[in-house]
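Reviewing the structure listed below.
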Amino acid sequence: MFSAKPILLSASLLMAINTASIFAARAENKIPDEYKTGGFFIGCQAYTFNHFTVFEAIEKTAAAGGKVIEFYPGQKLSKAEPDTSWDHNASEETIQKVKDKLAQHKLKAVNYGVVGVPKDEDEARKLFKFAQTMGLRAITTESVDAIDTIEKMVKEFDIMVGFHDHPRRPNDPNYRMWDPNYILSVVKDRDPRIGSCADTGHWVRSQLKPVDCLRILKGRIISSHLKDLNEMGLGAHDVPYGTGVSDVPAILQELKDQNFSGNISIEYEHNWENSSPEVGQCIGFVRGYGTAKGW
């Protein structure tokens, strides 16, 4: 006669099952590999082309060799519709126009920001629904005060969130986003889909070494605004990768060592009217360096 007995699972098997359950609940909205260049998902933050329209930013990113783009709120839609602003309140018609323009240039939108996230869940939900509709991987923000709401939205929508860093403000000691240790303190006990949008240029402006900052935030790098600057300090400006003080090869190696799977956005804030050749140099650097490394 069959006797029912409790099935005892080994500690290792229980751990494996528990780990699998955790990862299933923390699925990452991945960018398809077809959008990689030199082993990374590299393209532009549309703010690089803020003297132009969204449509022009898409065209210029594609022409420079980028395969992904990060949008920001407030850019004008197109020359044909200069009074239409692009943000998460856009109409369905405007969203479809942007999707069609992206498809025309074989570009994928992957990120949106820097944008404020409201504490109010209904208002925040509008932002995350926009990200979901656009097929974005992440949102970039500095809204630390909304962290509880952000975590709820991340779990609901499977949209990641990266906290962005601007430079240290000598006259505003209350601004702490420049410090990677502070960012870590904000995100370390939160859902792993919440982390850092690592703006390496602003770390250099804050007299910090980007690789050291990346290591502090290991495992929490959601995306990056990768910059090479001509010098350390607040007066620095962007230069093509490999020609400044930021040690871009070491940054790329650290990201690769961390199995970074987010987007690298070129946010080139110099030579505003004619930055495309320099943006192309940045993408070419990553393509060449990554290819040489076998990435």
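The values are calculated or read from the model by the stated rules, or taken from the named source; none is laboratory data. Bear in mind the structure is a predicted one, so any value in this text is a computation, not a measurement. All Cβ positions, glycine included, derive from the backbone under ideal geometry; neighbour counts span all protein chains shown. Side chains included, ligands, DNA and RNA excluded: accessible areas come from the protein's heavy atoms. Shrake-Rupley method; radii C 1.70, N 1.55, O 1.52, S 1.80 Å.
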Can you tell me which residue in the range 173-205 is surrounded by the most Cβ atoms within 10 Å (Cβ to Cβ), limited to those that are part of a loop (DSSP other than H, G, I, E, B) and either touching a residue at least 40 places away in the same chain (Cβ under 8 Å) or touching a strand residue (DSSP E or B) at 6+ places or on another chain (Cβ under 8 Å) (or both)?
R193
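This table checks each residue for (1) assigned to a helix (DSSP H, G or I); (2) touching an Asp or Glu at 6+ places or on another chain (Cβ under 7 Å); (3) within 21 Å of Y241 (Cα to Cα).
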{"position": "I31", "(1), (2), (3)": "no, no, no"}
{"position": "H51", "(1), (2), (3)": "no, yes, no"}
{"position": "E56", "(1), (2), (3)": "yes, no, no"}
{"position": "A62", "(1), (2), (3)": "yes, no, yes"}
{"position": "G65", "(1), (2), (3)": "no, no, yes"}
{"position": "D83", "(1), (2), (3)": "no, no, no"}
Checking C282 against (1) under 21 Å from the mean Cα position of the chain (by Cα); (2) surrounded by 17 or more Cβ atoms within 10 Å (Cβ to Cβ); (3) over 27 Å from I159 (Cβ atoms), the condition it does not meet
(3)
Apart from one, (1) touching a residue at least 40 places away in the same chain (Cβ under 8 Å); (2) within 28 Å of D33 (Cα to Cα); (3) in contact with a helix residue (DSSP H, G or I) (Cβ under 8 Å, 6 or more places away or on another chain) all hold for R137; the odd one out is (3)
Could you check the range 206-235 and list, in sequence order, the residues that are hydrophobic (A, V, I, L, M, F, W, C), open to solvent by less than 10 Å² (accessible area, probe 1.4 Å) and either part of a loop (DSSP other than H, G, I, E, B) or free of Cβ contacts under 8 Å to residues at least 12 places away in the same chain (or both)?
L217, L226
Taking first residues from the range 239-251 that are without any contact (Cβ under 8 Å) to a residue 40 or more places away in the chain and second residues anywhere that are surrounded by fewer than 16 Cβ atoms within 10 Å (Cβ to Cβ) and part of a strand (DSSP E or B), the pairs with Cβ under 6 Å that are 6 or more apart or on different chains are none
